[in-house]
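Enquirer: Mind having a look at this structure? Questions to follow.
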Amino acid sequence: MPVITGLELSYFLILGALVVTAAAAVHMPGDLTAVIILSVFSVLSTVVFALLQAVDVAMAEAVIGAGFMTALFVTAIGKTRRSAGGKR
Amino acid sequence: MQNAAFVAAALVFAIGLHGMLTRRNMIRICISISVMESSLVMALVAVAYVPGGSAPIVSDGQTMFVDPLPHALALTAIVIGAGILAIALALTVAMYRHYGTTDVLAVFGKTREGQ
Amino acid sequence: MIRRVVPVAAGVFCLLLAAGFFLVLRGAVETGSGRDGPLLRDLFTTSSVDETGSVNVVTAILMDYRAFDTLGEATVIFTAVAVAAAILGKPRPTESQRTMGLLSRRLLSSVLPLFLLFPLFVIAHGHISPGGGFQGGVSLAVLVILIHVAFGDPFGQNVVPLRLLVMVEYGAALGLVAVGMLGIVQGASFLANLAAGFPSGTPGSLLSGGVIPVLNLLVGLKVAAGLSSLYIYLSGHEASRGDR
């Protein structure tokens, strides 16, 4: 019976949270909510990458997933919500 | 550790694919695409993992390293994913400007009316 | 009825696909583990310092062994910018743009130079510590986005004009090709590094690794210019006022 260390336990918890946040990002009502949850998902996967010793990938995922992609999504949502007469 | 990451990557991939197949809002489809892409990166990183290996930065006294080649591929995939996402969102904005909605089915209906 | 069935069927399909995904990954690992003899990863980690002068093996692969792929990736970003420009058209910054509050703007204007430090550090140390051209370049792009969000689009366009970004992108792409050509001129292959006689320096110091720091800088500039101009194209529109 292998002993599970605290680091491994937190790793498994983060993996579980990763799956939950992915499902929430796809299915939560409200687009902005989903985008913020997506950036939480990115941060969690950054931690997983760092635990799997992929430091370069972790850095790229942190910067792109949590920074750049969120900015793009929020901009696009802003561009597809404010319509001219407030209708639709 | 590796197996758990594989399971998580597979589940996240399934969630993303399911979202892409069933959601109607283009923004949600873009989110699903980036979730799927992230799961592929996770799979690559998990394949590269070696138990007991350290990060692939060579320094004295270390002999076990994780595989650096999938990391390079994953980096490329992440940056290209950002480019793909930008194009998808640009198409979404263009679609909204043209049809006034981001609902895919509504756009299908409007294109059918136009014929 | 059909509305209920389709998502469930899609869910079952996706779960089956996920099981297959898992089995493929498992199989990939098991096929590799049974071999004896030298593995590719050991080859990379043992010989990359001597062959490239870069301590960070991932950067060594990206900028030396597979530098041609990196050039292709830079092309992909360039294509993405071109496609976004073709779809969305020339950005027109609106006059009545919402900006952040006065305090945030005041604070940002004095802190922004410090923010610039991180991307520059990541790019300059790409071959000796985690990071490199891609990560630093994206942080630079995020910085440009921050200027746009905090001070409004017109100000952002004044500080970092789109023409400048486009010029930087062209220049970095030409620079990448020029560095590659330099390898041919020196008598080695395209994008060759130490084989073309570039000095390797002491591995682990700032100036080492032949052309790897130069390539890192060029890739960083190119990624920064490409991604921030993607954002500018996406944000530089009035929200469907005139057009329908």
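The values are calculated or read from the model by the stated rules, or taken from the named source; none is laboratory data. Predicted model, so just to flag it, every value in this text is computed and none were measured. FYI the Cβ positions are ideal-geometry reconstructions off the backbone, even for glycines, and counts take in every protein chain you see.
Enquirer: Can you tell me which condition residue C:202 does not meet? The list is (1) among the hydroxyl-bearing types (Ser, Thr, Tyr); (2) at pLDDT 90 or above; (3) surrounded by fewer than 18 Cβ atoms within 10 Å (Cβ to Cβ), and all the others hold.
Expert: The single condition residue C:202 does not satisfy is (2).
Enquirer: For the range C:158-191, which positions are of a type outside the set (A, V, I, L, M), in a helix (DSSP H, G or I) and within 22 Å of the chain's Cα centre (by Cα)?
Expert: Answer for the range C:158-191, where residues must be of a type outside the set (A, V, I, L, M), in a helix (DSSP H, G or I) and within 22 Å of the chain's Cα centre (by Cα): C:163, C:169, C:170, C:171, C:175, C:180.
Enquirer: Residues being more than 9 Å from every other protein chain (Cβ to nearest Cβ) and of a type in the set (Gly, Ala, Ser): count how many of those fall in the range C:136-156.
Expert: The total comes to 3.
Enquirer: Between a first residue in the range C:208-235 that is within 25 Å of residue C:163 (Cβ to Cβ) and part of a helix (DSSP H, G or I) and a second residue that is modelled with pLDDT under 90 and of a type in the set (Asp, Glu), which pairs have beta carbons less than 7 Å apart while being 6 or more apart in sequence or on different chains?
Expert: C:235/C:153
Enquirer: Going through the range B:81-95 one residue at a time, which ones are facing chain C (nearest Cβ under 7 Å) and of a type outside the set (Gly, Ala, Ser)?
Expert: B:87, B:89, B:91, B:93
Enquirer: Within the range A:1-49, take every residue that is polar (S, T, N, Q) and under 26 Å from residue A:72 (Cα atoms) and give me the one that is surrounded by the most Cβ atoms within 10 Å (Cβ to Cβ).
Expert: Ranking the qualifying residues of the range A:1-49, first place goes to A:45.
Enquirer: Could I ask something else about it? Considering only residues that are touching a residue at least 60 places away in the same chain (Cβ under 8 Å) and either in contact with a strand residue (DSSP E or B) (Cβ under 9 Å, 6 or more places away or on another chain) or not aliphatic (A, V, I, L, M) (or both), which ones fall in the range C:158-199?
Expert: C:169, C:180, C:190, C:193
Enquirer: Okay, moving on. Looking only at the range B:26-60, count how many residues are of a type outside the set (A, V, I, L, M, F, W, C) and either facing chain A (nearest Cβ under 7 Å) or touching a Pro at 6+ places or on another chain (Cβ under 9 Å) (or both).
Expert: The number of residues fulfilling the criteria is 8.
Enquirer: Just one of (1) assigned to a helix (DSSP H, G or I); (2) surrounded by 13 or more Cβ atoms within 10 Å (Cβ to Cβ) trips up residue C:100, so point out which.
Expert: (1)
Enquirer: Considering only residues that are out of contact with any Ser or Thr (no Cβ under 7 Å at 6 or more places or on another chain) and assigned to a helix (DSSP H, G or I), which ones fall in the range A:43-58?
Expert: From the range A:43-58, those out of contact with any Ser or Thr (no Cβ under 7 Å at 6 or more places or on another chain) are A:43, A:46-52, A:54-57; that's our starting set.
Result: A:43, A:46, A:47, A:48, A:49, A:50, A:51, A:55, A:56, A:57.
Enquirer: Can you name the number of the only condition in (1) farther than 15 Å from residue C:224 by Cβ; (2) in a helix (DSSP H, G or I); (3) among the polar types (S, T, N, Q) that residue C:129 fails?
Expert: Evaluating residue C:129 over (1) farther than 15 Å from residue C:224 by Cβ; (2) in a helix (DSSP H, G or I); (3) among the polar types (S, T, N, Q) leaves (2) as the failure.
Enquirer: All but one of (1) more than 9 Å from every other protein chain (Cβ to nearest Cβ); (2) at pLDDT below 90; (3) buried (at least 17 other Cβ atoms within 10 Å of the Cβ) hold for residue C:88, so report the exception by its number.
Expert: (1)
Enquirer: Would you mention how many residues in the range B:1-15 are without any contact (Cβ under 8 Å) to a residue 24 or more places away in the chain and either more than 7 Å from chain A (Cβ to nearest Cβ) or touching a strand residue (DSSP E or B) at 6+ places or on another chain (Cβ under 8 Å) (or both)?
Expert: Residues meeting the conditions: 3.
Enquirer: Continuing with the same structure: Within the range A:16-47, take every residue that is over 12 Å from the mean Cα position of the chain (by Cα) and either on the phi < 0 side of the Ramachandran plot or β-branched (Val, Ile, Thr) (or both) and give me the one that is nearest to the other protein chains (Cβ to nearest Cβ).
Expert: Only one residue fits best here, namely A:31.
Enquirer: Given the criteria modelled with pLDDT of 85 or more, in contact with a Ser or Thr (Cβ under 8 Å, 6 or more places away or on another chain) and β-branched (Val, Ile, Thr), does residue C:55 qualify?
Expert: Spelling it out, residue C:55 is indeed modelled with pLDDT of 85 or more, in contact with a Ser or Thr (Cβ under 8 Å, 6 or more places away or on another chain) and β-branched (Val, Ile, Thr).
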